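Visitor: Supplied in structure tokens, the structure appears directly below.
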Amino acid sequence: MHLRNNEQIRVMVVIGTRPEAIKMAPVVLELEKHPRHFQTQICVTGQHREMLDQMLQVFRLRPACDLGIMKAGQDLASVTAECLAGMSQVLQRERPDIVLVQGDTTTTFSASLAAYYCRIRVGHVEAGLRTGRKFDPFPEEVNRRLTGHLSDFHFAPTDTARKNLLEEGVNPNDILVTGNTVIDALFLTRKRLAEEPTLAKDGLGATDGSRIILVTAHRRESFGPPFRRICEAIRAIAESRRDTLIVYPVHLNPNVQAPVHEILDGLSNVKLLPPLDYLSFVSYMQRAYILLTDSGGIQEEGPSLGKPVLVMREVSERPEAIAAGTASLTGTDPERIVAAVSSLLDDPAHYGRMTKHPNPYGDGHAAERIVQFLIERMSAPSSAMAQSMLG
Ligand code: UD1
Ligand code: UDP
């Protein structure tokens, strides 16, 4: 392994939203274990504000720059434009050797495009997930595909994701199957909680034997009638199953807040909470009987906690958990959602079948694999790579 004139590799890790912070935290922590090889800088776009800051605090991540772009009810074009312009300035000033982006958000795509315009290499963490449907999830499916086109290194969480990339013509040497870094984050957090349970803010107390259904929902493609149907389903579960406690930390998007409060306020067994920091949310997941969600990350976390995940979407770019039997798609139709929840509550054999599988999304060592790959590829004699970047 050769380091260029003993220079460190300058890595810029870009983070915009809550899940990017959770999933990039293990990568940053791992890069920081190798100060001889890497000088690591975090740049946050601030696509999210409160929900991002919560996570930066939990993982003690200290950004070197913050574009602070979030506006209430922001639209996709303005987030894209502001991230692109802001990231271009930062990259021209800092000139890192590589930019690492994660997932499928507008920050992910815009930062990759900015890096490409500056002829800076891009490493894509959580690469290769696809539904093959342009508007499902929206705009994440296309954000992720475009980021793939702009990336030099593709860190695929699973073999399926690798296969998707190969089918699109990506060079196999530039793909590494790593597992998902969210599992690294989950394991780190579970360990911290085991050592110090009071780190979790738990406003629930004893639940008198009620089984907890932990809910999250926020997808753009569901806004409007489908999202209202999700809320109606939750209401129907709360009214028909007094033996359950529904805990729902509500995303701050106004398109989510308004229907949730209109339809779910005032139900004694529905607890609507502000977004929870990751330590608290993991603690709630551990206590939950069922995870009912449209989130990507929670589909990946559920199997490691032995919790069944009901996914309130028509398709998922994470087919592995569905194939393994730990997650199931319910769509947004209230009848299907209520039936799926009832079946888990009333049929212990069905519940058992959904909870006893190894996690297809990783073993908690994804960040180590990513960092080792970067050491090998970025430390190689630089001329060939630098030439190719300069066209
Ligand atoms: C974004 C991502 C989505 C990801 C989700 C994670 C895009 C297009 N979407 O969606 O892929 O799954 O984050 O949660 O990148 N808000 C606040 N405070 C916050 C965060 C959000 O008030 O800390 C409100 C603001 O009014 C903001 C709105 O939520 O305008 C929407 O935020 P935005 O990042 O555009 O979309 P998300 O639905 O959060
Ligand atoms: N999460 C959290 N607090 C919450 C809700 C979710 O810490 O109140 C975590 C969850 O465990 C997962 C991630 O946030 O790791 C998922 O983020 P989100 O649902 O916002 O985005 P998605 O995964 O759908 O992109």
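The values are calculated or read from the model by the stated rules, or taken from the named source; none is laboratory data. Just so you know, these numbers come straight off a predicted model, no measurement behind them. Glycine gets a Cβ as well: all are built from the backbone with ideal geometry, and neighbour counts include every protein chain shown. Accessible surface areas use protein heavy atoms only, side chains included; no ligands, DNA or RNA. Shrake-Rupley method; radii C 1.70, N 1.55, O 1.52, S 1.80 Å.
Visitor: Can you find even one residue in segment 24-34 that is touching a strand residue (DSSP E or B) at 6+ places or on another chain (Cβ under 8 Å) and open to solvent by 20 Å² or more (accessible area, probe 1.4 Å)? Reasoning before the result, please.
Guide: Going residue by residue through segment 24-34, those that are touching a strand residue (DSSP E or B) at 6+ places or on another chain (Cβ under 8 Å) are 24, 27-28, 31-32.
Filter once more, keeping what is open to solvent by 20 Å² or more (accessible area, probe 1.4 Å): 32.
Yes, segment 24-34 has at least one match.
Visitor: Sticking with this structure for a sec: Being more than 23 Å from P360 (Cα to Cα), at pLDDT 95 or above and β-branched (V, I, T) is the filter here; which residues of segment 184-212 pass it?
Guide: Within segment 184-212, just I212 meets the criteria.
Visitor: Among residues belonging to segment 280-295 that are of a type outside the set (G, A, S) and over 15 Å from the mean Cα position of the chain (by Cα), point out the one that is farthest from ligand 1 (Cβ to nearest atom). Before the answer, list the steps.
Guide: Here is the first cut: in segment 280-295, the residues of a type outside the set (G, A, S) are 281-282, 284-287, 289-294.
With the extra rule that they be over 15 Å from the mean Cα position of the chain (by Cα), the set shrinks to 284-287, 289-292.
Working: Y284: 16, M285: 16, Q286: 21, R287: 22, Y289: 24, I290: 21, L291: 16, L292: 16 Å.
Ranking the qualifying residues of segment 280-295, first place goes to Y289.
Visitor: Restricting attention to segment 70-102, which residues are in a helix (DSSP H, G or I), more than 16 Å from ligand 2 (Cβ to nearest atom) and open to solvent by less than 20 Å² (accessible area, probe 1.4 Å)?
Guide: First, the residues of segment 70-102 that are in a helix (DSSP H, G or I): 76-94.
Next, from what is left, pick out any that are more than 16 Å from ligand 2 (Cβ to nearest atom): 77-78, 80-94.
Answer for segment 70-102, where residues must be in a helix (DSSP H, G or I), more than 16 Å from ligand 2 (Cβ to nearest atom) and open to solvent by less than 20 Å² (accessible area, probe 1.4 Å): C83, G86, M87, V90, L91.
Visitor: While we're looking at this one, here's another question. If you scan segment 273-286, which residues turn out to be touching a Pro at 6+ places or on another chain (Cβ under 8 Å) and either among the hydrophobic types (A, V, I, L, M, F, W, C) or buried (at least 22 other Cβ atoms within 10 Å of the Cβ) (or both)?
Guide: L273, L276, F281
Visitor: Then there is this: If you check A64, A72, A77, which single one turns out to be hydrophobic (A, V, I, L, M, F, W, C) and closer than 26 Å to L273 by Cα? Spell out how you get there, then give the answer.
Guide: Values: A64 fails: closer than 26 Å to L273 by Cα; A77 fails: closer than 26 Å to L273 by Cα.
A72 is the lone residue from the list that is hydrophobic (A, V, I, L, M, F, W, C) and closer than 26 Å to L273 by Cα.
Visitor: Tally up the residues in segment 41-69 that are open to solvent by 40 Å² or more (accessible area, probe 1.4 Å) and farther than 28 Å from F223 by Cα, please. Break it down into steps so the answer makes sense when it comes.
Guide: If we filter segment 41-69 for residues that are open to solvent by 40 Å² or more (accessible area, probe 1.4 Å), which is where we start, we get 41, 49-50, 53-54, 57, 60, 62-64, 66-68.
Those still in the list that are farther than 28 Å from F223 by Cα too: 41, 57, 60, 62-64, 66.
Of the residues in segment 41-69, 7 are open to solvent by 40 Å² or more (accessible area, probe 1.4 Å) and farther than 28 Å from F223 by Cα.
Visitor: Right, next: Taking the options G128, G205, G179, name whichever one is without any contact (Cβ under 8 Å) to a residue 12 or more places away in the chain, part of a loop (DSSP other than H, G, I, E, B) and of a type outside the set (A, V, I, L, M, F, W, C).
Guide: Values: G128 fails: without any contact (Cβ under 8 Å) to a residue 12 or more places away in the chain; G179 fails: without any contact (Cβ under 8 Å) to a residue 12 or more places away in the chain.
Only one candidate qualifies: G205.
Visitor: Quick one: what pairs do we get from segment 268-281, first residue among the small types (G, A, S), second surrounded by 17 or more Cβ atoms within 10 Å (Cβ to Cβ), C-beta under 7 Å, 6+ apart or different chains?
Guide: S280/A200
Visitor: Sticking with this structure for a sec: Have a look at T147, T189 and point out the one that is within 17 Å of the chain's Cα centre (by Cα), assigned to a helix (DSSP H, G or I), of a type in the set (V, I, T) and closer than 21 Å to V14 by Cα. It would help to see each step written out before you state the result.
Guide: Numbers: T189 fails: closer than 21 Å to V14 by Cα.
From the options T147, T189, the qualifying one is T147.
Visitor: Let me ask another. Check L214 against each of (1) surrounded by fewer than 17 Cβ atoms within 10 Å (Cβ to Cβ); (2) not in a helix (DSSP H, G or I) and name the one condition it does not meet.
Guide: It fails just one condition, (1).
Visitor: Are any of the residues in segment 58-67 touching a Ser or Thr at 6+ places or on another chain (Cβ under 9 Å) and among the charged types (D, E, K, R)?
Guide: Yes.
Visitor: Out of segment 192-202, which residues are within 14 Å of ligand 2 (Cβ to nearest atom) and assigned to a loop (DSSP other than H, G, I, E, B)?
Guide: Listed by number, the residues that qualify are A200, K201, D202.
Visitor: In segment 8-42, how many residues are in a strand (DSSP E or B) and either among the aromatic types (F, W, Y) or more than 16 Å from ligand 1 (Cβ to nearest atom) (or both)? If you could, list the steps in order and put the result at the bottom.
Guide: Within segment 8-42, the first condition is being in a strand (DSSP E or B), and the residues that meet it are 9-15, 38-42.
Of the ones still in play, those that are also either among the aromatic types (F, W, Y) or more than 16 Å from ligand 1 (Cβ to nearest atom) (or both) are 9-13, 38-42.
Residues flagged as in a strand (DSSP E or B) and either among the aromatic types (F, W, Y) or more than 16 Å from ligand 1 (Cβ to nearest atom) (or both) within segment 8-42 amount to 10.
Visitor: Ok, one more. Report yes if some residue within segment 220-231 is near ligand 1 (Cβ under 10 Å from one of its atoms) and open to solvent by 20 Å² or more (accessible area, probe 1.4 Å); otherwise report no. Lay out the reasoning, then the answer.
Guide: Taking segment 220-231 first, the residues near ligand 1 (Cβ under 10 Å from one of its atoms) are 220, 223.
Next, from what is left, pick out any that are open to solvent by 20 Å² or more (accessible area, probe 1.4 Å): 220, 223.
Within segment 220-231 (the criterion being near ligand 1 (Cβ under 10 Å from one of its atoms) and open to solvent by 20 Å² or more (accessible area, probe 1.4 Å)), the answer is yes, since at least one residue qualifies.
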